[in-house]
Amino acid sequence: MFYRTIISFVIILFSTSVAFSNETIFNGKFVQGGIVIGQNKHAKEVLFDEKRLQISKDGYFIFGFGRNHKSFSTLKIIKDNKNNVLKYNFDINKSIYKIEKIDGLPKKMVTPGPEFYKKINEDRALIKNSMNEKYVIDKFPLTFIMPTEGRISGIYGSQRILNGVKKNPHGGLDIAAPSGTPIKSTADGKILLAAKGLYYTGNIVIIDHGYDLQSMYIHMKDINIKKGDLVKQGQIIGTVGSTGRSTGPHLHWNVYWKKIRINPKHLISISK
Ligand SMILES: [Zn+2]
């Protein structure tokens, strides 16, 4: 038993030194809100902070960091031979977020009246349940495109203080564009939700891209697809609108990895 432990320990050390000669490739930013694509052709199992990742045939996988991710993370790659384990320790850099104060808003824009609570809870359950579905895809390398063109009017992570009330941080990217501007799917995927009239989000689409990656399109005007449809990257899924809790036509775009919001900006930059 003791002998075996020694052996596997030696292999770990050896494998790690091999890793530094680029056995595993990483593309992305190790920063709060960041996302990284990794590849190791011999990966049998990959664990990021002990969470199992989906691996493609060619050994690609994805992991990401939330807005307030801790300062370090570990990645374990278990290779063909179970004792052959690569271990990486990553430092995750801090992100600095904007504070946005907006005063003088009508009260109902800041806190919804109790008559809306039931509707808001139903909407939340609908979104949450839709996101539980998993779509397994084996297409790599994955690339991602901006879903629409326009002025960036809101960024990821900002702390919003409305009429002095601290709200949830802004979780996505806002792209202001005229009502009716086409919205495209950022990558190939499956439609998990296409629904109209939600209290906060208005008309909403959620797409699963595999690898625990999901994108969400909010405040839409028209929706051109339905739940269960398979879409291609660049396919038009609907148009920009101002439905739900919105002050003007724009697309609010969220990106999730394992249901954690990541910065959409970093998703686009790994494709460049
Ligand atoms: Zn927004």
Please give, to one decimal in nm, the separation of the simple spin-label points placed at residue 168 and residue 87, each 7 Å out from Cα toward the Cβ.
3.6 nm
If amide hydrogens are placed 1.01 Å from N in the peptide plane, which non-local residues have theirs closer than 5 Å to the one on residue 244?
202, 203
Each residue of the stretch 231-237 in turn: what ³J(HN,Hα) in whole Hz from Karplus with 6.51, -1.76, 1.60 and θ = phi - 60°, glycine and Pro shown as x?
10, 9, 4, x, 5, 6, 9
Could the peptides 48-55, 240-247 be put in order, highest first, of the mean number of other beta-carbon atoms found within 10 Å of their residues?
240-247, 48-55
Dipole of the chain, positive direction: furthest Cα of 144, 110, 72, with charges on the beta-carbon
110
For residue 54 and residue 151, extending 7 Å from Cα along the Cα-Cβ vector and measuring point to point gives, in nm, a value of 3.7 nm
Over the chain, what relative contact order in percent results from Cα pairs under 8 Å that are six or more residues apart?
18 percent
For residue 31, list long-range residues whose amide hydrogen, built 1.01 Å from N in the peptide plane, is under 5 Å from its own amide hydrogen.
93
Of every hundred units of 1.4 Å-probe accessible area on the chain, the number belonging to carbon and sulfur atoms, as a percent, is 57 percent
Can you pick out the pairs among 107/259; 232/272; 70/98; 29/221; 41/139 whose Cα atoms lie more than 22 Å from each other?
107/259; 29/221
Note the full-extension length gain between residue 100 and residue 138 as 0.36 nm times their separation in residues minus their Cα-Cα distance, in nm to one decimal.
9.6 nm
Determine the principal axes of the Cα atoms in the chain, then give the extent along each, sorted from largest to smallest and rounded to whole angstroms.
70, 40, 35
If amide H atoms are modeled at 1.01 Å from N in the peptide plane, then the residues at a separation of 5 or more from residue 237, or on another chain, having amide H under 5 Å from its own are 183, 184, 185
How far is it, in nm, from the label point at residue 176 to the one at residue 269 when both lie 7 Å from their Cα along the line to the Cβ?
2.4 nm
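The values are calculated or read from the model by the stated rules, or taken from the named source; none is laboratory data. No experiment lies behind these values; they were computed from the predicted model shown. Note that we place each Cβ from the backbone using ideal geometry, even for glycine, and neighbour counts take in every protein chain shown. Side chains are part of the model used for accessible areas, which takes the heavy atoms of the whole protein and leaves out ligands, DNA and RNA. Shrake-Rupley method; radii C 1.70, N 1.55, O 1.52, S 1.80 Å.
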